[in-house]
Every structure is written in C-alpha cells, then in structure tokens.
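Data block below; observations after.
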Amino acid sequence: MPRPIVQHGEPVNGDSFLDIVASVISIMIIMVVMVGMKIKNGPVTVALPSNPVAAELEKDVAVEQSLRGDARKMAEEIRDLKRQTAVIGLQRAVLSTTVGAVEEKIQEHRQTLDAAKQADFDLARELSEAKFQLAELVRQREQAARRRPRRSSSRAIRRRSAARSTDPRRIC
C-alpha cells in the first residue's frame, strides 16, 4: 500500500481569492458609474424619423445659399471689370489725344519745309515706321522660336540635303 503524502505547510486559504474577486467587481462598478455620468452630462441627440419634405427643404436651402454666394462673387467681378473698363477707357482717351497732338505737330513741321525737304521728311518717316515694323517682326519671330524649339529629325535633314543637291542655282 502506498504511503500517504504528508503536506508540510498551511492549506490554501480561500479568503485571499475572495478579496481579489471583490476588488475586480468593485473596479467594474466604479467604471459603470463613471460611464453613466459621462452619458448623463453628454449632449442629447434625438433621432427623429426622417421627413422627406424636411430633407428636401434642407437641400433647397443649401442650394439657395450656394447660389447667393455665387451671385455675390459675380457681382464683385462685374464691379472689378467695370473699374478696369473705365481705367482702360481713360488711358485710350489720353493716348488718342496724345497721338492727335503729335500728328498735328508733325503736320505743322512738314508744312514749314520746302518740297525737297518734305520728300526727305516723308522718306525719313517711312524709314522710321519700317524700322519699327522690322523690330516688331524680329520680336515676334524670337517669341515664336522660344515657344517651339526647332527639332531636326533625320528625315528633315535628308530633305534639306536633297533640296540642296537638286537646286539649279547651286554650282558644283
């Protein structure tokens, strides 16, 4: 027959286990009370049944507010455009007055000259206008060159060399 096992020490006390369970339960109760207080002090949200008329009305109000904002923006843009138009009109009037005065002075100066000097004066004026037009064309050409850089493809190079070789003015 086997021998009985002898235990040396005290048997496990159930009081410590009950203390642990009571502590856990009291912590849970405290948490429930705190959550209840938060809910009590929180904002009240009432879920009303959705009314299709009210929802449509809210949409219409939102659309109206949006349209009013757009109308205000457009009215401000119209005011700005009117101001700009007035400024440009004034500038145009000043320029036309200046041009008229300068042309009148030129005409007076031209009349004081004799026939030979009038012809020279007219040629100088035409030369000045031609130089201005040439400068304008050069400026436009430079702008066009900056906008679209020229690409030389092998096909374009072949075409140019073929055109040079068949040019009747070219002497080989």
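Values for this structure:
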| item | result |
| --- | --- |
| Region 35-45, residues that are of a type in the set (S, T, N, Q) and part of a helix (DSSP H, G or I) | Asn41 |
| Qualifying residue in region 115-127 (condition: modelled with pLDDT under 85, out of contact with any strand residue (DSSP E or B) (no Cβ under 7 Å at 6 or more places or on another chain), within 30 Å of Glu103 (Cβ to Cβ) and loosely packed, with under 10 Cβ neighbours inside 10 Å) | yes |
| Qualifying residue in region 40-51 (condition: small (Gly, Ala, Ser) and surrounded by 10 or more Cβ atoms within 10 Å (Cβ to Cβ)) | no |
| Residue within region 157-171 that is at pLDDT below 95, within 29 Å of the chain's Cα centre (by Cα) and among the basic types (Lys, Arg) present | no |
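Yes/no matrix, rows are residues, columns are (1) modelled with pLDDT of 90 or more; (2) assigned to a loop (DSSP other than H, G, I, E, B):
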residue: Pro4; (1), (2): no, yes
residue: Val12; (1), (2): no, yes
residue: Val33; (1), (2): yes, no
residue: Ala47; (1), (2): no, yes
residue: Val53; (1), (2): no, no
residue: Leu57; (1), (2): no, no
residue: Ala71; (1), (2): yes, no
residue: Glu76; (1), (2): yes, no
residue: Asp80; (1), (2): yes, no
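The values are calculated or read from the model by the stated rules, or taken from the named source; none is laboratory data. As the structure is a computational prediction, the values presented were derived from the model and not from experiment. When we count neighbours, we look across all protein chains shown, and the Cβ atoms used for this are built from the backbone with ideal geometry, even at glycine.
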